[in-house]
Amino acid sequence: MKRLILALILITGPLFAVTPDEVLDDPALEARAREISAGLRCVVCQGENIDESNAAIAKDLRLLVRERLLAGDTNDEVVDFIVERYGEYVLMRPTTGGANVILWYAGPALFLLALLGAGLYLRGRSRATETGTALSGDEEARLRELLGD
């Protein structure tokens, strides 16, 4: 029973992050606020969006999103305003332009480079074993002498 209660608390915990006093009266605006909040990262929790986080800064960001929507901003204008204030780190999915191109493509590029290097290494090893380097007669005699044959 205790496990069930704990599981319910853990599962529903994020639902309680947005308090009733933050919810907008207009359902359309509230839906837009939820949509925007889902794409904004809590700068304290790092792995949660601001709707899921109970941190004070997340609450401030939720209120800021709702203020900007009430002021008449579009969704993009709200996100741009928050990114301008807090940086791109606040986005759950950073943009793929500018310097972020390096971050988006460095991992796959390094993986392909590692595959190429491994392939060249294995190819070189297989060629070395194919050609083989037979021992000369003197080397074979010395080897037999060392092994005591």
**Fill in**
Pseudo-spin-label distance residue 121 to residue 76, built 7 Å along Cα→Cβ, given in nm, is 4.7 nm
**Request:** Please find the FRET efficiency linking residue 67 to residue 111, where r is the Cβ-Cβ separation and R0 is fixed at 41 Å, and quote it to the nearest 0.05.
**Result:** 0.40
**Prompt:** Short version: ³J(HN,Hα) in whole Hz for each residue of the stretch 71-84, in order, from phi by Karplus 6.51 cos²θ - 1.76 cosθ + 1.60 (θ = phi - 60°), x for Gly and Pro, what are they?
**Reply:** 6, x, 6, 7, 4, 5, 5, 5, 4, 4, 4, 5, 5, 4
**Prompt:** Say a paramagnetic label sat at a point 7 Å from the Cα of residue 88, along Cα to Cβ; which residues of the stretch 24-66 have their backbone N under 19 Å from it?
**Reply:** 39-43, 46-47
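Please compute the length gained on full extension between residue 134 and residue 101, using 0.36 nm multiplied by the number of residues separating them and subtracting their Cα-Cα distance.
That pair, residue 134 and residue 101, stretches by 6.7 nm at full extension.
No lab work stands behind these numbers, since they all come straight from the coordinates. Fair warning: this is a prediction, and the values are worked out from it, not measured in the lab. With ideal geometry, Cβ positions are generated from the backbone for all residues, glycine too; neighbour counts draw on all protein chains shown.
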